[in-house]
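**Q** Structure below; questions to follow.
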Amino acid sequence: MDLVLSSGFLAFARHVGVLAAFEEYGLRPEAICGTSSGALVGALWAAGHPAEVIGRVLSEQTPLSSLRVRATPWSGFFSLAPLIARLESLLPANIEALALPFAVGVMGPGRRHHLLTSGPLAHAVAASCAMPHVFAPVPIAGVPYQDGGAVDRLGLEAWRAWRRGRSATVHWVERTAGVEVGADLSGLRLIRTPRSGAKLWNLGDFWRQVDEARELARAALAVSQ
């Protein structure tokens with residue numbers, strides 16, 4: 001069974017809580033598809049970092065510390081270059097170097113949804129987090145990409161095209177921003193958690209959010225055992 005992690009503005013704690021529940025049940029997906037915060041947390045987990053470690057890494061400083069104000073803000077106020085540098089120290093160089101298939105939901109030219117399944121991992125994850133107007137696009141092989149959640153928060157149809165015939169657990173964080181596409185959820189195990197309420201300058205009570213998500217995930221996973 002695969003794992004699909006939705007976008008959610010700075011919803012790191014929600015995803016960490018769900019992954020912590022997976023670890024408690026001894027579950028490991030066959031592939032992961034993530035968008036925005038789901039791509040970031042999913043990539044770290046796919047790279048072998050335990051959920052608790054991911055939580056510590058992402059809560060030890062505010063998101064603002066991983067941003068840089070740009071001199072040309074009309075295409076995005078902040079550059080994600082510091083985030084890319086940080087991710088490069090924590091992740092393999094390329095998506096295909098991960099131990100399991102991994103896909104990153106991004107928005108490409110023409111505001112089209114796209115899954116990146118190969119290429120530079122840190123850049124792909126940063127691109128998936130680059131909310132339009134807030135963050136500058138991240139170029140990969142000369143193509144500018146941004147947050148896939150701006151056009152499809154789950155990317156389920158793209159996941160189905162990528163992983164034909166597979167089933168998945170879907171972690172769907174309540175929408176803060178982005179676009180909900182009316183996707184077919186039949187045959188999928190669904191875990192829904194509240195939005196994070198986090199801000200660029202304050203993630204709030206991070207570990208309380210983790211615990212809330214873990215309990216919701218435990219309940220969903222226990223039913224399907």
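The values are calculated or read from the model by the stated rules, or taken from the named source; none is laboratory data. Keep in mind the model is a prediction, meaning the values are calculated, not measured. Backbone-built Cβ (ideal geometry, glycine too); neighbour counts: all protein chains shown. Please note that ligands, DNA and RNA were not included when accessible areas were found on the heavy atoms of the full protein model with its side chains. Shrake-Rupley method; radii C 1.70, N 1.55, O 1.52, S 1.80 Å.
**Q** Write out, first by first residue and then by second, each pair whose Cβ atoms fall under 9 Å of each other, whose residues are 6+ apart or on separate chains, and whose first residue, in segment 190-202, is over 18 Å from Gly17 (Cα atoms) while the second is part of a strand (DSSP E or B) and open to solvent by less than 90 Å² (accessible area, probe 1.4 Å).
**A** Qualifying pairs under 9 Å: Leu200/Phe78.
**Q** Kindly provide the set of residues from segment 4-59 that are touching a helix residue (DSSP H, G or I) at 6+ places or on another chain (Cβ under 9 Å) and charged (D, E, K, R), ordered by number.
**A** Arg14, Glu23, Glu24, Arg28, Glu52
**Q** Sticking with this one: Quick one: in segment 1-27, which of the residues that are of a type outside the set (A, V, I, L, M, F, W, C) and free of Cβ contacts under 8 Å to residues at least 60 places away in the same chain is surrounded by the fewest Cβ atoms within 10 Å (Cβ to Cβ)?
**A** Across segment 1-27, the extreme among qualifying residues is Gly26.
**Q** Could you list, in sequence order, the residues of segment 166-190 that are assigned to a strand (DSSP E or B) and among the hydrophobic types (A, V, I, L, M, F, W, C)? Working first, answer last.
**A** Taking segment 166-190 and keeping what is assigned to a strand (DSSP E or B), we get 168-173, 189-190.
Ala168, Val170, Trp172, Val173, Leu190 - these are the residues of segment 166-190 that are assigned to a strand (DSSP E or B) and among the hydrophobic types (A, V, I, L, M, F, W, C).
**Q** Report whether or not Arg175 is in contact (Cβ under 8 Å) with a residue 24 or more places away in the chain and either among the aromatic types (Phe, Trp, Tyr) or open to solvent by less than 70 Å² (accessible area, probe 1.4 Å) (or both).
**A** No; evaluated as a whole, the condition is false for this residue.
**Q** Take segment 178-191 and flag every residue that is open to solvent by 60 Å² or more (accessible area, probe 1.4 Å) and either at positive phi or modelled with pLDDT of 95 or more (or both).
**A** Once the filter is applied, which keeps residues that are open to solvent by 60 Å² or more (accessible area, probe 1.4 Å) and either at positive phi or modelled with pLDDT of 95 or more (or both), segment 178-191 yields only Gly187.
**Q** Please list, ordered by residue number, the strands (runs of 3 or more DSSP E) wholly in segment 65-146 having 3 or more residues that are modelled with pLDDT under 95 and open to solvent by less than 20 Å² (accessible area, probe 1.4 Å).
**A** Strands (runs of 3 or more DSSP E) meeting the threshold: none at all.
**Q** Could you say which residue among Gly48, Gly34, Gly38, Gly42 is over 19 Å from Asn202 (Cβ atoms) and assigned to a strand (DSSP E or B)?
**A** The match here is Gly34.
**Q** Does any residue of segment 140-150 turn out to be hydrophobic (A, V, I, L, M, F, W, C), within 21 Å of Phe9 (Cβ to Cβ) and touching a residue at least 12 places away in the same chain (Cβ under 8 Å)?
**A** Checking segment 140-150: at least one residue is hydrophobic (A, V, I, L, M, F, W, C), within 21 Å of Phe9 (Cβ to Cβ) and touching a residue at least 12 places away in the same chain (Cβ under 8 Å).
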